[in-house]
Amino acid sequence: MRNSSTISKGIDWSLVWIYLALVLIGLSAIFAATYQEGDPVLQSFVSFKTDYSKQFYFWGIALIVGFFILLTDSKFFPATSNFWYVTGILLLLLVFPFHSRIKGTESIIRIGAFNFQPAEFCKIFVALALAKYFSRPETNFNRPGSQFSAALLVLIPAGMAILQRETGLALVYFSFFLMMYREGLPSIIPTIGFALAILIIASILIAPNTLAIVLSVLAVLLIYVLRRQIKRRKQILTSILLIWAIAVGIQRFAVPLIFEKVLQKHQVERIYNLFGKDNPYDPNYVSLPEEDSKKKKESGSSYNVRQSKIAIGSGGFFGKGIFSATQTRYDFVPEQRTDFIFCTVGEGFGFLGSMILLGLYLTLLLKIINIAERQRSTFSRVYAYGVLSVFFFHIAVNISMTIGLAPVIGIPLPFISYGGTALLTFTILLAILVRLDADRQMVLR
């Protein structure tokens, strides 16, 4: 532990101020969405009975933990990274026998009046473990073996989160591949991921047989265009046929398997609603005329997004104010204090308030990039980019799903959404980064 008198030495206080501003905006938004008129404000804030009261106490706990992290020697984090990763995996394993089923997920352990979600907390341990792995002198990320080992550190907790029916959080773990790309992951891998995403979207928009024909036609055209090269190198033809076979196989077999066995029913429905399609994997699916199909969507899972967009639009430029926001004050938007908290900000504080929030997030992300690039230590740089990847994914996906640009996958908005585990997780991620940056002249392994 450091002497408390030297805690401020080297600390980038701009990150701390951004953090405090975001948490205060979050408390205001939760208060605006859940405060009941007539309740004494001060008493309800300290009662631990309201959501904003609980979030206030969670923030107090997070501040205490963050303070102790700032007092910790930076060498502690690389020295204990592997231990924390193993601890995280054990916590995820404990979920299977001791979980409580809450809102369709089986990833939460209930401890008295508190809910603890190891899949959320484990993001810290994965970020530390990846930083430790990349900082090892023997790690050569240009080798496929090293790339596979790094990917395994991410895929193990992601797979366990999927088994706990927490697909949204599982996707967050894949954001660490953004950090790996910065550290030298071959560009072919993100390219394959992008192509796979396009293929999945095409599988949703186009009938299976039609898409198979389209893929076959594209393969034939490619063979015709490359016919001269194919005469000189037969491997090109083999590669084209192999890619065609894999694409058709994914489209005809892998995508249906994912939608039927991996994703939950409501998640599949949200994905299809995003593209304006009926869910063919619904056991009660019946092809309806366009007008009837539209009416069905208006009363289905797209209700959340539609009400969210109404709330954001109704806020105007300056917003309606905390106590005048009708959509969020009267519960027209489900989960308005958690997954859809951004619509509470949009309605209550308007376009101006939303832009201030987005400006704070953009400043935070750019600041983390700047911090990452000024590190002498590989451990600190990789950890910083891991934190950046997690924050960017949460911010981009949460806001996109709130305004109808992404399917609703149920992940919180950093420092804004209600939730003790999430607030503590994001605080610890940022506090460790601040501590490492304060000792940026130190080389850590």
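For region 200-209, check the following and say yes or no: at least one residue is in a loop (DSSP other than H, G, I, E, B) and not assigned by TED's automatic domain parsing to the domain that holds Phe391.
First, the residues of region 200-209 that are in a loop (DSSP other than H, G, I, E, B): 206-207.
Checking the rest, the ones that are also not assigned by TED's automatic domain parsing to the domain that holds Phe391 come to 206-207.
Yes, there is a match, as at least one residue in region 200-209 is in a loop (DSSP other than H, G, I, E, B) and not assigned by TED's automatic domain parsing to the domain that holds Phe391.
Would you say Val248 is farther than 30 Å from Ile369 by Cα, surrounded by fewer than 16 Cβ atoms within 10 Å (Cβ to Cβ) and of a type in the set (A, V, I, L, M)?
Details: farther than 30 Å from Ile369 by Cα: yes; surrounded by fewer than 16 Cβ atoms within 10 Å (Cβ to Cβ): no; of a type in the set (A, V, I, L, M): yes.
It is false that Val248 is farther than 30 Å from Ile369 by Cα, surrounded by fewer than 16 Cβ atoms within 10 Å (Cβ to Cβ) and of a type in the set (A, V, I, L, M).
Listed here are the residues, each with its yes/no results for (1) out of contact with any helix residue (DSSP H, G or I) (no Cβ under 7 Å at 6 or more places or on another chain); (2) in contact (Cβ under 8 Å) with a residue 40 or more places away in the chain; (3) not assigned by TED's automatic domain parsing to the domain that holds Ile258.
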| residue | (1), (2), (3) |
| --- | --- |
| Arg136 | yes, yes, yes |
| Ala161 | no, yes, yes |
| Arg165 | yes, yes, yes |
| Ile188 | yes, no, yes |
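Being in contact with a strand residue (DSSP E or B) (Cβ under 9 Å, 6 or more places away or on another chain) and among the small types (Gly, Ala, Ser) is the filter here, so list the residues in region 105-164 that pass it.
If the condition is that a residue be in contact with a strand residue (DSSP E or B) (Cβ under 9 Å, 6 or more places away or on another chain) and among the small types (Gly, Ala, Ser), then Ser107, Ala119, Ala161 are the ones that fit.
Given the structure, is Gly276 at pLDDT below 80, in contact with a Ser or Thr (Cβ under 8 Å, 6 or more places away or on another chain) and of a type in the set (Gly, Ala, Ser)? Reasoning before the result, please.
Values: at pLDDT below 80: yes; in contact with a Ser or Thr (Cβ under 8 Å, 6 or more places away or on another chain): no; of a type in the set (Gly, Ala, Ser): yes.
Here the answer is no, as Gly276 does not meet what is asked.
Out of everything in region 28-68 that is among the aliphatic types (A, V, I, L, M) and crowded, with 18+ Cβ neighbours inside 10 Å, what residue ends up being nearest to Met442 (Cα to Cα)?
Just the residues of region 28-68 that are among the aliphatic types (A, V, I, L, M), to begin with: 29-30, 32-33, 41-42, 46, 61-65.
From what is left, the residues that are crowded, with 18+ Cβ neighbours inside 10 Å are 29-30, 32-33, 62.
On the way: Ala29: 40, Ile30: 40, Ala32: 44, Ala33: 45, Ala62: 26 Å.
Ranking the candidates gives Ala62 first.
Count, please, the residues in region 204-217 that happen to be closer than 26 Å to Ile236 by Cα and either in contact (Cβ under 8 Å) with a residue 24 or more places away in the chain or within 30 Å of the chain's Cα centre (by Cα) (or both).
Number satisfying all stated conditions: 4.
When region 333-356 is examined, which residues are found to be of a type in the set (A, V, I, L, M, F, W, C) and surrounded by fewer than 24 Cβ atoms within 10 Å (Cβ to Cβ)?
Matches in region 333-356: Phe351, Leu352, Met355, Ile356.
When you go through Asp73, Asp51 one by one, which is the residue that is of a type in the set (Asp, Glu), closer than 27 Å to Tyr383 by Cβ and in the same structural domain as Thr425 (by TED's automatic domain parsing)? Outline the logic, then answer.
Working: Asp51 fails: closer than 27 Å to Tyr383 by Cβ.
Matching residue, one of Asp73, Asp51: Asp73.
Go through region 395-440 and count every residue that is without any contact (Cβ under 8 Å) to a residue 40 or more places away in the chain and of a type in the set (Phe, Trp, Tyr).
1
Within the group Leu388, Leu357, which residue is assigned by TED's automatic domain parsing to the domain that holds Phe174, part of a helix (DSSP H, G or I), touching a residue at least 40 places away in the same chain (Cβ under 8 Å) and over 17 Å from the mean Cα position of the chain (by Cα)?
Numbers: Leu388 fails: over 17 Å from the mean Cα position of the chain (by Cα).
The conditions single out Leu357.
Given the options Leu436, Leu444, Leu423, Leu364, name the one that is closer than 26 Å to Pro78 by Cβ, modelled with pLDDT of 95 or more and among the hydrophobic types (A, V, I, L, M, F, W, C).
Working: Leu436 fails: modelled with pLDDT of 95 or more; Leu444 fails: modelled with pLDDT of 95 or more; Leu423 fails: modelled with pLDDT of 95 or more.
Exactly one residue qualifies, and that residue is Leu364.
Is one or more of the residues making up region 372-379 within 21 Å of Asp437 (Cβ to Cβ), of a type in the set (A, V, I, L, M) and surrounded by fewer than 24 Cβ atoms within 10 Å (Cβ to Cβ)? I'd like the intermediate steps shown before the answer.
Our first condition is that a residue be within 21 Å of Asp437 (Cβ to Cβ); within region 372-379, this holds for 372-379.
Still in the running and of a type in the set (A, V, I, L, M): 372.
If we keep only those that are surrounded by fewer than 24 Cβ atoms within 10 Å (Cβ to Cβ) too, we end up with 372.
Yes, the conditions are met somewhere in region 372-379.
The values are calculated or read from the model by the stated rules, or taken from the named source; none is laboratory data. Model, not experiment: these values are computed from the prediction. Every residue, glycine among them, receives a Cβ derived from its backbone with ideal geometry; neighbour counts consider all protein chains shown.
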